[in-house]
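For reference, the structure is listed below as structure tokens.
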Amino acid sequence: MKNFTYTRANDVANAVDEVTSEKGSKFIAGGTNLLDLMKIQVERPSHLVDITRLALDTIEETAEGGLRLGALVTNADTAYHEEVGKRYPLLSHAILAGATAQLRNMATDGGNLLQRTRCYYFYDTDTPCNKREPGTGCSAIKGYNRDLAILGTSEHCIATHPSDMAVALAALEATVRVTGKNGERIIPLFEFHRLPGDTPNIDTNLKPDEIITAIDLPAKGFADRYTYLKLRDRASYAFALVSVAAALDIDGDTVKEARVALGGVAHKPWRIPEAEALLKGKPATRENFQKVAEAYVQGAKGYGHNDFKIELAKRAIVRALLQAKEMEARS
Amino acid sequence: MKTNEIGKPTNRVDGRLKVTGEAKYAGEFNVPNLAYGFVVNSAIAKGKIKKIDTSKALEVEGVLEVFTHENRPGYVWFDKNYKDMDAPPGSPFRPLYDNEIKFSMQPIALAVAETFELARYAASLVRIEYETSPHDTDFETNIESAYVPEEYKSGEPSEPWGQPDQALASAPVQIEGDYTHSSQHHNPMEMHASTVVWKDDGKLTVYDKIQGVMNTQQYVTHAFGMQPEEVQVISPFVGGAFGSGLRPQYQLFLAVLAARELKRSVRVTLTRQQMFSFGHRPKTMQRFALGASKEGKLEALKQDVFAETSRFENYSEDVVIWAGVLYKCGNVKLSHKLVELDVYTPLDMRAPGGTTGIFALECAMDELAYKLGMDPVEFRLKNYSEKDQNEDKPFSSKELRECYRQGAEKFGWEKRNLEPRSMKEGHNLIGWGMAHGAWEANQAQASAKAVVTSDGKLTVSSATADIGTGTYTVMTQIAAETLGIPLDDVTFKLGDSSLPDAPLEGGSKTVSTVGTAVKSACDKVRERLLKLAQQVKDSPLVEASLEQVIFEGGQISLKSESSKAVSIMAAMSQNQGKAIEEEVSSKPADNQSDYARYAHVATFVEVKVDEDLGTIKVTRVVSAVAGGRIINPKTARSQILGGVVWGIGVAMEEDTVMDNNLGRFMNHDLDKYHIPVNADVHDVEVIFVEEKDEIVNPLGAKGLGEIGIVSVAPAIANAVFHATGKRVRELPITLDKLL
Ligand SMILES: Cc1cc2nc3c(=O)[nH]c(=O)nc-3n(C[C@H](O)[C@H](O)[C@H](O)COP(=O)(O)OP(=O)(O)OC[C@H]3O[C@@H](n4cnc5c(N)ncnc54)[C@H](O)[C@@H]3O)c2cc1C
Ligand code: SF4
């Protein structure tokens, strides 16, 4: 591990000051991703700003009737929070489908959004990787890419964002609150992560001086009909090959609103509002779900080992929507 | 033998030490002034080191030295000095020998520093310039150029018997298929580590992760030109090994080299990533062609094996022997060829060759049974082998029929509909599959020493290992049983090269081999104790022979009249406060070689496969084992359970992925290399059927460390076929193969 200095921030402004004080500074929250990457020299921060003592560890009501998740609330506390469980069960399920109990106890909601890809090559500093070292090339495109993306890829990188939580947040249309040198701004979750393009080294639209302070959930939580379906190579402790966060608002048999977000297929949680809209005012049938599924994989591209994800994603979308539909609506 | 301890489910005698953390492993022995080494591994798969610059690393305060091929001390000359007890034919790899790179992640430097963290940091500062040469790690494209090795390490195919080609051609029912088994890494929990304690006189005490201390001692003495008295090797606990500890790994060589050069104690521990830089279960492709009569009699069998090896050693394992052991067939042709690649030499991994060979054999037989429209158990009964046809020898015992019977009954096999896709539950297709298997029940030569002190306590020792299998416990039971004393009065010592000689713990032969030595040593002690008991004043045993007495409850008593007894304490009091000491060397009885000696297993599996999504859940497993006499049902069951869990991994998860562009295994950590987690394992039942065997060894026990794994993957693959109608011939069976 490269030598680094360490400081503990006492408030948000101080955290922002500290992180801009030196090039190569990084925040550390739960450390479950950052420390792993530091040990293998993939991340080499020169200065660590510990934000775990900031007062960002509560879940509160928002004026709009939603919930605000402090950036430092742990994944476990979020998933098991009574209001989250009641009003946003999709989010609880997504979180609990990820990692392990021990990791979720340490991992924070802010850190979860900023976890880095699990691409094999990104983890091995002896191999070329544009995300890790821009300009060295992408080993995965012609190498082993079973876990990697089929949508929104570029010739420079086909990595996926591995978070489960973010997929549910995308479906729920959550927003991310961030604070930087120029004050606070709000980024819709769906615009938070970016596509790799020709700068795959940059995962998100968060600026280097910005800290996530909270994630806001809008009032509508689709608590009656939802599914988080995660398909993976073993039953637990594995990242998604494909995951689907699906939510339905149904009146009788007619869909009022549908949400579908995919994980494991792109550099960001994948949502196509126009495809969701195909269901609006239509009966909630397998045939109609199939249409949505087809629309989601329009333009999808496999790289060999991951070709199967195209078909799998379609089937997963249909299954998730059917499951959501078939849920006993809560009275 | 009367059984008080043998056959009783007994907790591990070392359990408490393990769960409290008191048990110490090779990388945990702390000594004053210990230095730490961290290995630098090659980034390329083939070529030369043009330049290696250690200056930046050496500038760091606290860094002691960086060893490379340029500054290493002179080496002992002969190749054979680097051969360990488990080395395959060929030229063993020598760390830091020269600037040549033979495989990706080859160790090329060792940074040594005052702390582990500093050493690791220093290692990252070593700059290497390579001159790369084209490598070839592509197994598939090299199958055509596979060759027959001059010498097999193991698994040399027998000469064909019968008329295989004609019989196959004229068989009315035939199948053929290629079955592929992935490369796999052992990944024991404990990483490989060596702590080398350097003493002022140059002698070494080496704490090593190894499946037999004698191998480490031999390797170090040969490779460094030292005498056995100069190298004591200690390895009291091993945190799993599964074959990865059969050969001394490179961290040992590097730690010894550094300790001798720096005249200081040195520890080298590998990281999880580095655990993928040495031996692995070789990728193997097997081409089967089977022919049968319409009635289901196996008429012909051809098996051609193609298995990975390195360019410097010819590794091979027992892949082709299983057909001749498990099926009666008059016309058989076998071959085993090697595919040479730019990789490190493969290495025995739990049931080497058995896991691989039985997987393919049992899937092929299932295909044949289906083509015949026969129930898989009925098919196996019809072709049941009464002798091992490879060697034309009868079995010392074989209760496999009973395994089928009890396993099938427990599983409910008779309710099975032969038709694939005949059972469904919601989205899930349900499938039932079975397979059987065998594993060798060998005995080797070993020594043991038994010492009874005046307080009546017994210490037995042998330089064997306990790789988590329960050696400590089982040996304690055997010793306690033989002398009729409580377990608490017995201490068993192992893992020290100063103890009586024992072979590597591998091949499921430790209970058989060391257990026999322990029993013989204790039998000798019995003779001595009886003599002493006869000297006790008014001894009721004066006239008694060994056959007329029993040792039980701390007493030696007359079989005919149990009240006539002398306690062991009383007997010992005749020995002037001295201890009784007996050391014996035991070897297999001569008649063993007239028999084929195997443990057997039949495994029944239920899977649920999501019809749309391809996800597989192994919902039930019943494994019925014929393993001779079961010394400790509790540790025995653990071995079989572990085998079943691993079998689930073999069938569905384990796969070390080679990137042929880079010539490198890429999923080198436990996030990316999958083994089963708890959520993958559901109902597992283990049955031990009764089996008497007076030939395998005086204990009548067969080893159980490997038999549990061999038939699990094929049973799962066969169940997946029954569920889906889809035959997946390439492991692991991941969901994409079922879409
Ligand atoms: C073995 C393993 C398995 C896992 N499996 C899954 C899984 O199946 N699904 C899943 O979704 N996740 C999984 N995870 C990932 C886990 O969820 C993340 O590691 C975790 O959420 C990261 O949170 P953290 O607080 O520990 O982040 P840290 O490791 O502390 O930080 C991660 C990054 O976020 C930055 N950061 C943290 N907080 C803030 C903030 N408030 N503002 C700005 N920047 C910040 C840090 O600078 C760093 O770059 C797994 C992790 C491991 C180790
Ligand atoms: S896909 Fe992206 S992260 Fe993976 S090797 Fe290519 S550039 Fe690196």
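Where in the stretch B:17-103 are there GluC sites (Glu not before Pro) that are in a DSSP coil and have at most 12 other Cβ atoms within 10 angstrom of their Cβ? Taking the stretch B:17-103 and a limit of 12 other Cβ atoms within 10 Å, the loop GluC sites (Glu not before Pro) found are B:Glu22, B:Glu61.
So, with +1 on the Cβ of K and R and -1 on the Cβ of D and E, and no other charges, what is the size of the charge dipole of the stretch A:57-331 about its Cα centre, to the nearest 20 debye?
That gives a dipole near 640 debye.
Once you divide the Cα radius of gyration of the stretch B:512-602 by 2.2 N^0.38 Å, the number left is 1.39.
Between A:Gln298 and B:Lys726, the C-beta separation translates, for a Förster distance of 45 Å, into a calculated FRET efficiency of about 0.95. The convex hull of the Cα atoms of the stretch B:305-410, projected and averaged over all directions, covers 8.4 nm². Annotation: amide H-H contacts under 5 Å for B:Thr10 (H modelled 1.01 Å from N, sequence separation of 5 or more, or interchain): B:Lys634, B:Thr635. The residues of the stretch B:70-146 expose on average 47 square angstrom of accessible surface per residue, using a 1.4 Å probe on protein heavy atoms.
For the stretch B:605-739, the alpha carbon convex hull comes to 144 Å³ per residue, rounded to a whole number. Take the Cα of A:Glu83, go 7 Å toward its beta carbon, and the backbone nitrogen atoms of the stretch A:53-74 under 12 Å from that spot belong to A:58-70. With the convex hull drawn over the C-alpha atoms of the stretch B:444-587, the volume per residue is 97 Å³.
Take the alpha carbon atoms of the stretch A:199-241, find their radius of gyration, then divide it by 2.2 N^0.38 Å using N residues; give the quotient. The partial results should precede the final answer.
Values: Rg = 16.4 Å, N = 43, 2.2 N^0.38 = 9.2 Å.
Here the Cα radius of gyration is 1.78 times the empirical estimate.
For chain B, the fraction of 1.4 Å probe accessible surface lying on carbon and sulfur atoms is 47 percent.
With a Förster radius of 22 Å applied to the C-beta separation of A:Glu60 and A:Asp249, the computed FRET efficiency comes to 0.30. Note on A:Thr20 and B:Glu151: the model spin-label points, each 7 Å out from Cα along the C-beta direction, lie 7.2 nm apart. Using +1 at the Cβ of each Lys and Arg and -1 at the Cβ of each Asp and Glu in the stretch A:1-116, identify which of A:Gly66, A:Gly111, A:Ser46 lies farthest towards the dipole's positive end. Farthest along the dipole direction, towards plus: A:Ser46. Comparing A:Ala97, B:Leu58, B:Ala259 along the charge dipole axis of the protein assembly as shown, the residue lying farthest to the positive side is A:Ala97, per the Cβ-charge model.
Given 20 °C and 1.002 mPa s, compute D for the stretch A:148-220 with the Stokes-Einstein relation, Rh being the Kirkwood radius over Cα pairs; round to the nearest whole µm²/s. Don't skip to the end; give the middle numbers.
Working: Rh = 13.3 Å.
Approximately 161 µm²/s, per Stokes-Einstein.
The residues of the stretch B:308-424 present an accessible area of 32 Å² per residue when probed at 1.4 Å with all protein chains retained. D by Stokes-Einstein for the stretch A:167-264, Kirkwood Rh over Cα pairs, 25 °C, 0.890 mPa s: 158 µm²/s. The reciprocal of the average 1/r between distinct C-alpha atoms defines the Kirkwood hydrodynamic radius, which for the stretch B:70-204 equals 21.2 Å. The ellipsoid that matches the Cα gyration tensor of the stretch B:601-682 has semi-axes, each √(5λ) in whole angstrom, of 29, 19, 11, with the longest given first. Stick to the Cα atoms of the stretch A:183-331, pair each with every other, and give me the Kirkwood hydrodynamic radius in Å at one decimal. Averaging 1/r across every pair of different Cα atoms and inverting gives 16.8 Å.
Remark on the stretch A:57-331: hydrodynamic radius 18.9 angstrom, per the Kirkwood mean of 1/r across alpha carbon pairs. Note on the stretch B:99-140: Cα-only Rg and Dmax are 14.1, 46 Å.
When N counts the residues of the stretch B:375-461, how does its alpha-carbon radius of gyration compare numerically with 2.2 N^0.38 Å, as a ratio? Its radius of gyration relative to the 2.2 N^0.38 Å reference: 1.88.
Counting only protein heavy atoms and using a 1.4 Å probe, the accessible area of B:Thr20 comes to about 70 Å².
The smallest convex shape that holds all Cα atoms of the protein assembly as shown, its convex hull, gives 193 Å³ per residue.
Put a dot 7 Å past the Cα of B:Tyr97, heading toward its Cβ, do the same for B:Lys80, and the two dots end up 1.6 nm apart. With both labels modelled 7 Å from their Cα along Cα-to-Cβ, the B:Val677 to B:Lys393 distance reads 4.6 nm. The stretch A:42-82 to the stretch B:344-415: how many Å between their Cα centroids? About 56 Å separates the Cα centre of the stretch A:42-82 from the one of the stretch B:344-415.
For the stretch B:284-324, a Kirkwood radius taken over Cα pairs fed into Stokes-Einstein (10 °C, viscosity 1.306 mPa s) yields D = 130 µm²/s. Largest first, the three principal axis extents of the alpha carbons in the stretch A:67-173 are 47, 25, 21 Å in whole numbers.
For B:Phe665, the residues whose modelled amide H falls within less than 5 Å of its own, excluding neighbours fewer than 5 places apart on the same chain, are B:Asp659. Projection of the Cα convex hull of chain B, averaged over all directions and equal to a quarter of that hull's surface, yields 33.9 nm².
Using a 1.4 Å probe over protein heavy atoms, the accessible area lost on pairing A with B, summed over both chains, comes to approximately 2900 Å². Inter-part distance, the stretch A:240-278 to the stretch B:484-548, computed on C-alpha centroids, equals 71 Å. The eigenvalues of the Cα gyration tensor, multiplied by 5 and square-rooted, give the stretch A:5-50 an equivalent ellipsoid with semi-axes of 19, 12, 7 Å from largest to smallest. Projecting the Cα atoms of B:Ser447, B:Ser462, B:Gly506 onto the charge dipole of the stretch B:444-587 (Cβ charges, centred on the Cα centre) puts B:Ser447 farthest toward the positive pole. Of all lysines in the structure, the ones whose alpha carbon falls short of 27 Å from that of A:Lys26, not counting any fewer than 8 places away in one chain, are A:Lys2, A:Lys39, A:Lys131, A:Lys181, A:Lys207, A:Lys268, B:Lys56, B:Lys672. Taking the Cα centre of the stretch A:5-50 as origin and assigning +1 to Lys and Arg Cβ atoms and -1 to Asp and Glu Cβ atoms, the resulting dipole is close to 200 debye. The stretch B:661-684 and the stretch B:601-621 have Cα centres separated by 19 Å.
Given a cut-off of 27 Å, what percent of all Cα-Cα pairs of the stretch B:12-145 lie beyond it? Display every interim value, and only then the final one.
Values: 3554 of 8911 pairs.
Cα-Cα pairs of the stretch B:12-145 separated by over 27 Å account for 40 percent.
The values are calculated or read from the model by the stated rules, or taken from the named source; none is laboratory data. Because the structure is a prediction, the values reported are computed rather than measured. Positions of Cβ are backbone-derived with ideal geometry, glycine not excepted, and every protein chain shown enters the neighbour counts. The area values use the complete protein model at the heavy-atom level, side chains included, leaving out ligands, DNA and RNA. Shrake-Rupley method; radii C 1.70, N 1.55, O 1.52, S 1.80 Å.
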